[in-house]
Amino acid sequence: MRIDILTLFPEMFEGFINCSIIKRAIDKKCVDIRVHNIRDYSPYKNKQVDDYSYGGGAGMVLMCEPVFRAVDAVRDEDAIVIMTTPSGKTFKESVALELSSKKHLIILCGHYEGFDERIKSIVDMEISIGDYVLTGGEIPAMAISDAVVRLIPGVINKDSLVDESFNDGLLDYPVYTKPSIFRGMKVPEVLLSGHHENIRKYRESERVKLTNLKKE
Ligand code: ADE
C-alpha cells in the first residue's frame, strides 16, 4: 500500500514514520508513506495557501488551487482521497479494515478554519477521529494511517489481531505479567492455574463484562 499525506506541517510526521511498528512496516515494504507539503504546490506569491473567508468570519480557509495541485500530483486511478475533518464520518475499526485492503490512500490534513468547500469535490471520504476539535488534521492522519497500516498483512503477527478489541465487537480482556503479586494486587488465580479451558472462559467473560461496562 502507498499512503500520501498532504499537510502544511510535514515535520510533524517525522516521529510517526521513524518509530516502532510503522517504521518496521515501511522497512518491510508493507507500506510506502510519503509526506508532502501543500505549500510546495501553491502558485501564489509567498507560497500562500490560505485566505480569509468570503462573507467574513474568524480564521483562514485553505485555498482550492494548492490543494487541487497537490492531489493531482500524487493521484492515480487506485487512489482514495480522504479528508480529515471534525464533521466527517467517525472513524472505526471497520473503516480501518476496509481501507487496509486498498492500494493507495491520499490523506488531506485540514488546518485553520477549514477547507474551501469546493475541495470536497475531489474527496472520496471525510473522516473524523472523534467528537472534539483538534488544531489540525495531522494527528487524525496519523491515527488513521496507524490503524490501517497495522492491519496490512505482514505488519503484525496474525495471532495478535485475533483476540483484540473491536475485531468481533468486543473489547480485549485484561492481561498481566510478572510479578504475580505487585504492591498487594494479585493476578487472578485462574491465569496461574495452567488450565487452558478455564482461562479461555475467564477471558471471554471478562471481554463481555468490560464491553458492557465501557460502551454506551
Ligand atoms: N480536524 C480537527 N479536528 C478533527 C477531528 N476530530 N477529526 C478529524 N479531523 C479533525
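From least to most packed, judged by other beta carbons within 10 angstrom and beginning with the fewest, LYS215, LYS45, LYS102 follow the order LYS45, LYS215, LYS102.
What dipole magnitude, in Debye to the nearest 20, does the chain give about its Cα centre under +1 on Lys/Arg Cβ and -1 on Asp/Glu Cβ?
780 debye
When the listed pairs LYS92/LYS215; LYS29/LYS120; LYS28/LYS92; LYS92/LYS186; LYS102/LYS215 are checked against a 23 Å cut-off, the alpha-carbon distance exceeds it for LYS29/LYS120; LYS28/LYS92; LYS92/LYS186; LYS102/LYS215.
Dividing the Cα radius of gyration of segment 4-103 by 2.2 N^0.38 Å, with N the residue count, gives 1.26. Seen against the Cα atoms of the chain and their longest principal axis, helix 138-149 is set at about 50 degrees.
Against the main long axis of the alpha-carbon atoms of the chain, helix 64-74 sits at an angle near 60°. For the chain, the C-alpha radius of gyration divided by 2.2 N^0.38 Å, with N the number of residues, is 1.26. Taking Cβ atoms as reference points and 12 Å as the exclusive limit, the residues near ASP32 contribute a net charge of +3, counting Lys and Arg as +1 and Asp and Glu as -1.
Over segment 101-175, what portion of Cα pair distances is larger than 15 Å, expressed as a whole percent? Display every interim value, and only then the final one.
Numbers: 1872 of 2775 pairs.
Here the long-distance tail beyond 15 Å is 67 percent of all Cα pairs in segment 101-175.
Segment 158-216 and segment 94-115 have Cα centres separated by 32 Å.
Taken together, the values in this text are just the output of simple stated rules run on the coordinates, not laboratory data. Values in this document were obtained by computation on a predicted structure and should not be read as measured data. So basically every Cβ, Gly included, is an ideal-geometry build from the backbone, and we count neighbours across all protein chains shown.
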